[in-house]
Amino acid sequence: MGNCCAVAVVSDSIKEGRRNPYAVDPSRESQPRPTLEVLKHPTGRDIKSCYDLGREFGRGEFGVTYLCTDKHTGEHFACKSISKKKLRTSVDVEDVRREVEIMKHLPEHPNIVKLKDTYEDADSVHIVMELCEGGELFDRIVARAHYTERAAAMVIKTIVEVVQNCHKQGVMHRDLKPENFLFGNKKENAPLKAIDFGLSIFFRPGERFEEIVGSPYYMAPEVLKRNYGPEIDVWSAGVILYILLCGVPPFWAETEQGIAQAIIRSAINFKREPWPKISDNAKDLVRRMLNPDPKTRFTAQQVLDHPWLQNASKAPNVNLETVRARLQQFSVMNKFKKKALRVIAEHLSVEEVADIKEMFENLDINKKGQINFDELKYGLLKLGHQVTDSDVKAIMEVADADGNGFLDYGEFVALSIHLRRIGNDEHLQRAFHYFDKNKSGYIEVEELKHSLSDDLGPDHEEVIDAIIRDVDTDKDGKISFEEFAAMMKAGTDWRKASRQYSRERFKSLSAKLMKDGSLLLKSERRTEPA
């Protein structure tokens, strides 16, 4: 149910088939709901009696992760506080419950985050865990000056050892990806730890599953075919290994459908750089882990027995600078996009703001200045739009920035911008002109550096160069409007690829609510359905 430590992104994965048994009939909203009990055996009910909750580390679909300090020992932990208001379906509740049960079930392991305590009160579930302050896997690689095949071997060995440990305990992870591994601390020799078991499940030998679950780039072909077992974890680890060795995913496309087709084809490209420099042993292991037939795919033990990992300390030490540069390139691109969206928000016209305000007031049935799930669904229906619970949930996940289960006016404005921006070049022009300070018709290196200075760290030169390399498709050293618009409309940030599912459904829904770049939901006066 999302990351538990220093960086919490709980909405990063796909889970299919969720319904909404807790949905409220707007005509009966005054009736109180029964108290929801999530955990079977919590440590206690009042977390504040034992811990002080400090600064916020991260925020996701279901809750917030805080620095947590033991009042008696002063020891620091991470506390993931999950709002019960966010647990809208029985599946959501079961996910949290099972995540805790699995973490309790797994024996202590140096590369799996430790569960300390669990608390449950009337509003939230609090999961206290070991604190991992060393950052994400790829961020650590980018920060190093020297990155080699040997380093990749040591990382994948750790990841597969986690997989092996889980499988021995009858646990299938189902969502292995780089974001779900953090370093324990900032030291050079810090242990890499698996931090997220939110989609994990218990399994018995020979048992098969059909629920589509996971993150698109890392899904095994048999998941898409709805007939899989624990072999999917080795496939996902193989995808991570491919990325570690060349800096890009093996099965890539701009849409969810394209990704699925590439996975089913399972054609591995060993021609692009730096594969000619990579050892034959490493490529052999990639092939065996990404074998589309789960019956002949390597098991975790076979991976660990492979000569490349048996001799990991002797793997080639040739610097893979292109890989490091690609990883950095992917990690910084989102900053550029987010800045552009903020610019669009700041430059909405008076008429556009009035339209958005009118929409908000129409949907705010109870006139509380915020919209909940049921108001959004009921309001869309009242305005002529048949929208499923899952699509309404996708909207809420995208727009609810503070994670409190409601959309305030500011969040609704951001939602409206998302709905508008895909098809409205006028908005993109405004954002482009913000970056194009000298009005030359191009975003140049110095202009980009100046515009993003507040958003980036100390390595400005390298980061800016990475952005330019990715967006500048004609390689003239600057970004044209066409290149800028293509970046804004495309899913280039593959590190957040697990959000692609929500984005694709969100785009599909927005198409129903858009016409020529303008929102259809202008007032209740509209009588025809979209």
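The values are calculated or read from the model by the stated rules, or taken from the named source; none is laboratory data. Here the structure is a predicted model, which means the values were calculated and not measured. Cβ: placed from backbone, ideal geometry, glycine included. Neighbour counts: every protein chain shown.
If you check every pair at least six apart or on different chains, which have Cβ atoms under 8 Å apart with a residue in the stretch 39-51 that is within 14 Å of residue 69 (Cα to Cα) and outside any strand (DSSP E or B) first and a residue that is among the β-branched types (Val, Ile, Thr) and at pLDDT 90 or above second?
Hits for this filter: 47/128.
Yes/no per residue for (1) closer than 27 Å to residue 227 by Cβ; (2) within 26 Å of the chain's Cα centre (by Cα):
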residue: 247; (1), (2): no, yes
residue: 252; (1), (2): yes, yes
residue: 260; (1), (2): yes, yes
residue: 270; (1), (2): no, no
residue: 273; (1), (2): no, no
residue: 276; (1), (2): no, no
residue: 282; (1), (2): no, no
residue: 290; (1), (2): yes, yes
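Looking at residue 320, is it touching a Pro at 6+ places or on another chain (Cβ under 8 Å), under 17 Å from residue 241 (Cβ atoms) and either modelled with pLDDT under 95 or not assigned by TED's automatic domain parsing to the domain that holds residue 240 (or both)?
For residue 320, the condition - touching a Pro at 6+ places or on another chain (Cβ under 8 Å), under 17 Å from residue 241 (Cβ atoms) and either modelled with pLDDT under 95 or not assigned by TED's automatic domain parsing to the domain that holds residue 240 (or both) - is met.
When you go through (1) out of contact with any strand residue (DSSP E or B) (no Cβ under 9 Å at 6 or more places or on another chain); (2) in a loop (DSSP other than H, G, I, E, B); (3) over 18 Å from residue 240 (Cα atoms) one by one for residue 313, which number turns out not to apply?
All conditions pass for residue 313, except number (2).
Name the residues in the stretch 226-250 that are touching a residue at least 24 places away in the same chain (Cβ under 8 Å), in a loop (DSSP other than H, G, I, E, B), farther than 23 Å from residue 270 by Cα and not small (Gly, Ala, Ser), would you?
Within the stretch 226-250, 230 is the sole residue that qualifies.
Restricting the stretch 439-471 to residues that are of a type in the set (S, T, N, Q) and closer than 17 Å to residue 483 by Cβ, which is modelled with the lowest pLDDT?
Here the residue is 451.
Return the only residue of 258, 247 being touching a Leu at 6+ places or on another chain (Cβ under 6 Å), at pLDDT below 90 and assigned by TED's automatic domain parsing to the domain that holds residue 181.
Testing whether each residue is touching a Leu at 6+ places or on another chain (Cβ under 6 Å), at pLDDT below 90 and assigned by TED's automatic domain parsing to the domain that holds residue 181 leaves just 247.
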